[in-house]
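Q: After the structure tokens below, expect a handful of questions from me.
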Amino acid sequence: MTTAATASTAATRSRRDFSATSADLRGFREVQRLAYACAEAVAGQLKPGVTEREAARMQRRWLRERGVTDWFHLPFAWFGDRTAFVNFRIPLQFFPTDRALEPGMPFILDMAPVYQGYTADIGYSGCLGLSPLHDRLLADLEAHRELLLREVRERRPLREIYEDVERLMVRQGYANRHRAYPFGVIAHKVDRVRQRRWSPTLFGFGTQSLKGLASDALHGHREGWSPLWSPYRFSDHPPQPGLWAVEPHLGFRGVGAKFEEILVVTDSRDPEESAFWLDDDLPHVRRWQEEKAA
Amino acid sequence: MSEAVGESGETSVSTALEGARERRIATGGIELSVAELGDPARPTVLLVHGYPDSKEVWSRVAPLLAERFHVVLYDVRGCGRSTAPQPLRGGYTLEKLTDDFLAVADAVSPDRPVHLVGHDWGSVQSWEFVTVPRTQGRIASFTSMSGPSLDHFGHWIKKRMTRPTPRRAAQLLNQAAKSWYVYMLHTPALPELAWKGPLGKRWPKILERVEKIPAGDYPTASLPTDAAHGAWLYRDNVRTRLRHPRTDAYAHCPVQLITPTGDAFLSERLYDELEQWVPQLTRRTLPAKHWVPRTRPDQLAAWIEEFVTAKDEGDPAKEVAARGRYADRFGGRLVLVTGAASGIGRATAFAFAEAGARVVVVDRDAEGAARTADMARLIGAGAAWAEAVDVADEAAMEKLAEKVAAEYGIVDVLVNNAGIGLSGSFLETTSEDWKKVLDVNLWGVIHGCRIFGRQMAERGQGGHIVNTASAAAYQPSKTLPAYSTSKAAVLMLSECLRAELAGQGIGVTAVCPGLVNTSITTTSHVAGVSPEEEKRRQSKAARLYGIRNYPPEKVADAILRAVVRNQAVVPVTPEARGSRALSRFAPRALRAIARIEPL
Ligand SMILES: NC(=O)c1ccc[n+]([C@@H]2O[C@H](COP(=O)([O-])OP(=O)(O)OC[C@H]3O[C@@H](n4cnc5c(N)ncnc54)[C@H](O)[C@@H]3O)[C@@H](O)[C@H]2O)c1
């Protein structure tokens, strides 16, 4: 995976930058690819009877074996109607359960490893067996990736972009399921994390990353922005430079699908440079391209 | 099979079964009158009638099936034009009836299994056919209506007698009360006298009045003898089988069970444990009384056709795929929803789709309607079509109704849901504003009810109309005078129509949602304010509704439930139920709320 990362075209492009150097971007890209590689590897091993807990453990083991020691959050796995967060009321319900995968069930793997000080947060949606409905949800996510980038480049307030994404989902016939996340966020900032010998987690979240998020929140609070991209007033500000893990999540009658990946926001005046997806060589993006080619 | 047709002196019968070819089949000392319709090369559907009936009970169903199948009907021994066994006692055992069935099946479809359909005693017999070993391989599928297996029934009773929980005892008593006629029929000679005398004469009128069977060429003249002979069906079988039910009565073919919910003779509970006897069971329910072949022929024919086609081709793709909560009730039925490109209408279309209905998606937003139809197909709709129509446009609605009737059929469930919002004080509301809101919210509903309701009534096979009113229909407010007025009118219209159509088996429901998170907030016009202020209020309302976040899917669920239960007025959301209660018990409180300043 790491060799592929260096070959990325985006990496060689020079970017006017907020604080992350191109070396930094390379680091983030590398861990994001590692995480997606993990998702694909684990997804390939899922079969009927595997439980969410087992799938989460498989992700954890796969990444640990490749040098991951810290997490923004520990891996999640959601199966069946839990992909659409049906009847979720409390955050504890996000944690993996003993629900077993069955033929035809959708699933989502969501993990946020820290690797050599760089954080990724990714979401991977799949389905065990053929499902035209699930295919449709995945295909319909593409418009959201385009809309998000376009409106961030236009420097629209995050809260308004949030509402536009939601409107598009509703027009498509879906429910906005990222509303179920804490604070209803569609995205949150991620950052470099100092490497420690001991990196404990708290409710599945890495303490180092939580600390980073908290200090961002404090910082932002003074300057009028928030590291959480939500439907609330505290997100009524233009995109803040930095790295955002963006996760639009569609739900439709017990089937959910999402992607999650890093959007880089800079303070460049050039629209193209002001915001871009960290990497365009990701499974869901390749899938859309293949569909178009076919 | 075609050579088998002509062999035994085929004649045409001039009965209610127009164009049927009759032949007589001799078996076990009697002669059965067998009628055939349709192409003998097609799969054979064999219809077995009940008591007190003759094969003509199928006269409204058979022609519909004959378009696709080789349809065969016969008069059960001693009924219609079939001869009776001598002596009668002992001549009606299920074993002998099975002989008759096999004789007919072998004559009309010697080398392919038949698809069996039975009503009432025809179904009771057929259960015997599909559960005894000697017919194995001769039956491809069985559709049962209003006639349980005596063996299953026997076990059902036993279970309730030996382990009588209060609920089981109640079920037992309930069914016992419905079975009065069975005891009557066990008395010797009296039933024969009654049938040949006054009961036989009055029977057609009784059917018409109590069972809502349309008058016409049914029952036929042979009724008194059919009924008198048929008493032996009960006497020869019921007591012995209920006392000693077979323990191996497992169905060896797929079964479709059609249960009329208003059956005066059979409790729905009888079938609760049927899965244990039938490995491949498809359940259907319909709101109707006992004689569904007379009162709901279109629906029966559609379900039989779908089931037979799927089982005959053994194509899993053609299997009934719907898994929604009410699939038994709405599978294959035609549902039309207006305003279905968005919000509540779209969620309702999806809920019906999930239950396997065929859905007509109507909206003036063509693109949104197409999207709804697309998604509906993906989640199990039998079919889905999008129609771009403005419900306020009477001519367009007339055209839509013509097209729907011609291409998709008569609508079974109509949901008049399209509506628009309008807020602003009365004095600020222009007559243009009024006209717009009444055109859609009231006239749209009137057109829908009038045009599609007439088609439903003319078909005479029941149906249901749902109108989306609103909690605003009974909750006054100084901010929504025009909207609330339009919805109050819809509520009253629904109540009146319900009264009018009740006699025709057509239910009418008004649903009254409170605040539901849909795009109505951003499309509602605000009277008497600047465009900027309108926009501001719209997004404020949108955020409020977003925080309230009551999903339209829940309204859709309430709509399906209301149709199943035939409810009159259904408030949805806690605030809608609350203000409904206030409107009845504390109207002054409601009036106080009406004065509260808007957002
Ligand atoms: N959302 C609520 O809080 C709420 C509360 C009570 C009642 N209602 C009622 O529920 C119904 C559905 O509303 P919704 O909330 O889903 O709104 P919505 O705006 O999401 O959907 C209404 C749909 O009706 C369509 N429509 C409007 N006028 C039409 C016309 N003349 N012909 C054809 N289609 C037309 C629109 O294009 C839209 O697709 C309306 O009758 C509304 O008054 C809504």
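Q: Starting from the Kirkwood radius over alpha-carbon pairs of chain B, derive D by Stokes-Einstein at 25 °C in a medium of 0.890 mPa s and give it in µm² s⁻¹. Write out the running numbers ahead of the final one.
A: Numbers: Rh = 26.3 Å.
Diffusion coefficient, whole number: 93 µm²/s.
Q: Also, I was wondering about something else. Excluding ligands and nucleic acids, what accessible area in Å² is computed for A:Tyr36 using a 1.4 Å probe, to the nearest 10?
A: Surface accessible to solvent at A:Tyr36 totals approximately 10 Å².
Q: At 10 °C and a viscosity of 1.306 mPa s, what translational diffusion coefficient does Stokes-Einstein give for the stretch B:4-318, taking Rh as the Kirkwood radius over Cα pairs? Give it in µm²/s as a whole number.
A: 81 µm²/s
Q: Arrange the residues A:Arg64, A:Arg26, A:Arg136 by how much accessible surface each exposes, largest first, with a 1.4 angstrom probe. Walk me through the intermediate numbers first.
A: On the way: A:Arg64 130, A:Arg26 100, A:Arg136 65 Å².
The ordering from most to least exposed comes out as A:Arg64, A:Arg26, A:Arg136.
Q: Set the Förster distance to 41 Å, then compute FRET efficiency between A:Thr21 and A:Tyr232 from the Cβ-Cβ distance, nearest 0.05. Each step should come with its number before you reach the end.
A: Working: r = 33 Å, r/R0 = 0.80.
Here the calculated transfer efficiency is 0.80.
Q: How high is the relative contact order of the stretch B:4-318, in percent, counting Cα pairs under 8 Å that sit 6 or more residues apart?
A: Values: 561 pairs, mean separation 63.1, N = 315.
This gives 20 percent for the stretch B:4-318.
Q: In what order, largest first, do A:Met105, A:Met169, B:Met184 sit by accessible area if the probe radius is 1.4 Å? Walk me through the intermediate numbers first.
A: On the way: A:Met105 25, A:Met169 0, B:Met184 115 Å².
I get B:Met184, A:Met105, A:Met169, largest accessible area first.
Q: May I ask you to derive the relative contact order of the stretch A:4-293, considering only C-alpha pairs under 8 Å and at least 6 residues apart, and to give it as an integer percent? Show your work: numbers first, answer last.
A: Numbers: 561 pairs, mean separation 66.0, N = 290.
So the answer I get is 23 percent.
Q: Roughly how compact is chain A, stated as its Cα Rg over 2.2 N^0.38 Å to two decimals? Spell out each step's value before the answer.
A: Numbers: Rg = 17.9 Å, N = 294, 2.2 N^0.38 = 19.1 Å.
Compactness ratio reported: 0.94.
Q: Measure nothing fancy, just the Cα-based angle from helix B:531-548's long axis to the longest principal axis of chain B, in degrees from 0 to 90, nearest 10.
A: Once rounded, one gets 50 degrees.
Q: So, with a 1.4 angstrom probe, what is the percent of accessible area on the stretch B:4-318 that is carbon and sulfur?
A: Values: 7180 of 12610 Å².
Ligands and nucleic acids excluded, carbon and sulfur give 57 percent.
Q: What does the charge add up to near B:Ala140, with Lys and Arg as +1, Asp and Glu as -1, over the other residues with Cβ less than 10 Å from its Cβ?
A: Values: positive: B:Arg112, B:Arg138, B:Lys311; negative: B:Asp312.
Spelling it out: positives minus negatives among the neighbours equals +2.
Q: Around A:Asp70, which amide H atoms from residues at least 5 apart in sequence, or from another chain, sit under 5 Å from its own amide H, with H modelled in the peptide plane?
A: Here A:Val114 satisfy the definition.
Q: Considering Cα pairs under 8 angstrom that are at least six residues apart, work out the relative contact order of the stretch A:186-268 and quote it in whole percent. Kindly include the intermediate steps, with their values, before the conclusion.
A: Working: 109 pairs, mean separation 25.3, N = 83.
Relative contact order, the stretch A:186-268: 31 percent.
Q: Something else: For chain A, modelled as a GNM with alpha-carbon contacts under 10 angstrom, which of A:Arg29, A:Arg159, A:Arg269 fluctuates the most?
A: A:Arg269
Q: Just checking the output field for B:371-383: average partner chain Cβ neighbours within 10 Å of each residue's Cβ?
A: Working: counts 3, 1, 0, 2, 9, 1, 2, 11, 6, 2, 0, 0, 0.
Mean partner-chain Cβ count within 10 Å for B:371-383: 3.
Q: Could you go through the stretch B:392-406 in sequence order and give the Karplus-derived ³J(HN,Hα) for each residue, using 6.51 cos²θ - 1.76 cosθ + 1.60 with θ = phi - 60°, rounded to whole Hz, and x for Gly and Pro?
A: For the stretch B:392-406, the Karplus-derived couplings read 7, 9, 4, 4, 5, 5, 4, 5, 4, 4, 4, 5, 4, 4, 6 Hz, x marking Gly and Pro.
Q: Further question on the same structure: In the Gaussian network model of chain A, springs joining C-alpha atoms below 10 Å, which of A:Leu210, A:Leu218, A:Leu92 carries the largest mean-square fluctuation?
A: A:Leu92
Q: If you put +1 on each Lys and Arg Cβ and -1 on each Asp and Glu Cβ, how big is the dipole of the protein assembly as shown around its Cα centre, in Debye rounded to 20? Please report the intermediate quantities before stating the final value.
A: Numbers: 115 positive and 106 negative charges, 681 e Å.
For this selection, approximately 3260 debye.
Q: Let me ask something else. Just which residues of the stretch A:226-254 lose 20 Å² or more accessible area with every protein chain there, against their chain alone, with the probe set to 1.4 Å?
A: Going by heavy-atom accessible area, the residues of the stretch A:226-254 that drop by at least 20 Å² are A:Phe252, A:Arg253.
Q: Report ³J(HN,Hα) in whole Hz for each residue of the stretch B:456-467, in order, from the Karplus equation J = 6.51 cos²θ - 1.76 cosθ + 1.60 where θ = phi - 60°; Gly and Pro get x.
A: After applying 6.51 cos²θ - 1.76 cosθ + 1.60, I find 4, 5, 5, 5, x, 10, x, x, 8, 10, 10, 10 Hz.
Q: Please give the helix B:94-108 orientation as an angle from the longest Cα principal axis of chain B, in degrees from 0 to 90, rounded to the nearest 10.
A: So the inclination is approximately 80 degrees.
Q: Give the A-B buried accessible area in Å², both sides summed, 1.4 Å probe, nearest 100. Could the numbers behind the result be given before it?
A: Values: alone 13650 and 25420 Å², together 37660 Å².
For chain A against chain B, roughly 1400 Å² becomes buried.
Q: Sticking with this structure for a sec: Long-range amide H contacts for A:Trp277: which residues qualify at under 5 Å (H placed 1.01 Å from N, peptide plane, sequence gap of 5 or more or a different chain)?
A: Distant-sequence amide H within range of A:Trp277: A:Val264.
Q: Further, regarding this structure: Mind counting lysine pairs for me in the stretch A:4-293? Cα separation below 24 Å, and the two need to be 8 or more apart along the chain or on different chains.
A: 4
Q: Separate question: Convex hull over the alpha-carbon atoms of the protein assembly as shown: what's its volume per residue in Å³?
A: On the way: hull volume 183.3 nm³, N = 893.
That works out to 205 Å³ per residue.
Q: Sticking with this structure for a sec: Just tell me which lysines come within less than 18 Å, Cα to Cα, of B:Lys201; anything on the same chain fewer than 8 places away is out.
A: B:Lys212
Q: Round to a whole number: what % of the accessible area of chain A belongs to carbon and sulfur, probe 1.4 Å? Could you put the intermediate results ahead of the total?
A: Numbers: 6790 of 12960 Å².
Heavy-atom surface of chain A belonging to carbon and sulfur, 1.4 Å probe: 52 percent.
Q: Just to compare against my own numbers: the Cα pair-distance distribution for the stretch A:73-157, 5 Å bins, whole % per bin, please.
A: Spelled out bin by bin, the stretch A:73-157 gives 3, 12, 17, 18, 18, 18, 11, 3, 1 percent.
Q: Per residue, what volume in Å³ does the convex hull of the Cα atoms of the stretch B:156-285 enclose? If you can, show how the numbers build up before the last one.
A: Working: hull volume 19.5 nm³, N = 130.
That works out to 150 Å³ per residue.
Q: Now for a different question. Roughly speaking, what is the stretch gain from B:Ser539 to B:Val132, that is 0.36 nm per residue apart minus the C-alpha to C-alpha distance, in nm to one decimal?
A: Here the answer is 139.7 nm.
Q: Further, regarding this structure: Could you pull the Cα extents of the stretch B:68-217 along its three principal axes, largest to smallest, in whole Å?
A: Extents along the principal axes: 49, 42, 36 Å.
Q: Okay, moving on. Count of lysine pairs in the stretch B:327-594 with Cα atoms under 22 Å apart, counting only pairs 8 or more residues apart in sequence or on different chains?
A: Lysine pairs meeting both conditions in the stretch B:327-594 amount to 11.
Q: Under a plain spin-label model, where a point goes 7 Å from the Cα along Cα-to-Cβ, how far apart in nm are B:Leu281 and B:Ser530?
A: About 6.8 nm separates the two model spin labels.
Q: For the stretch B:327-594, would you read off the P(r) tail past 31 Å as a percentage of all alpha carbon pairs?
A: Values: 7388 of 35778 pairs.
Above the 31 Å cut-off, the stretch B:327-594 has 21 percent of its Cα pairs.
Q: For a quick protection proxy, order the peptides B:408-417, B:254-263, B:164-173 by their average other-Cβ count within 10 Å, most packed first. Don't jump to the answer; show the numbers that get you there.
A: Working: B:408-417: 24.0, B:254-263: 20.9, B:164-173: 12.9.
Final packing ranking: B:408-417, B:254-263, B:164-173.
Q: How much of B:Asp439 can a 1.4 Å solvent probe reach, expressed as accessible area in Å² and rounded to 10?
A: Approximately 50 Å² of B:Asp439 is accessible to the 1.4 Å probe.
Q: Of all DSSP beta bridges in the protein assembly as shown, what percent run antiparallel (nearest 5)?
A: Details: 53 of 108 bridges.
Counting DSSP beta bridges with both partners in the protein assembly as shown, the antiparallel share is about 50 percent.
The values are calculated or read from the model by the stated rules, or taken from the named source; none is laboratory data. Only a predicted model underlies this, so the values are computations on that prediction, with no experimental measurement involved. So basically every Cβ, Gly included, is an ideal-geometry build from the backbone, and we count neighbours across all protein chains shown. Just so you know, the surface numbers come from the protein's heavy atoms only, side chains and all, with ligands and any DNA or RNA stripped out. Shrake-Rupley method; radii C 1.70, N 1.55, O 1.52, S 1.80 Å.
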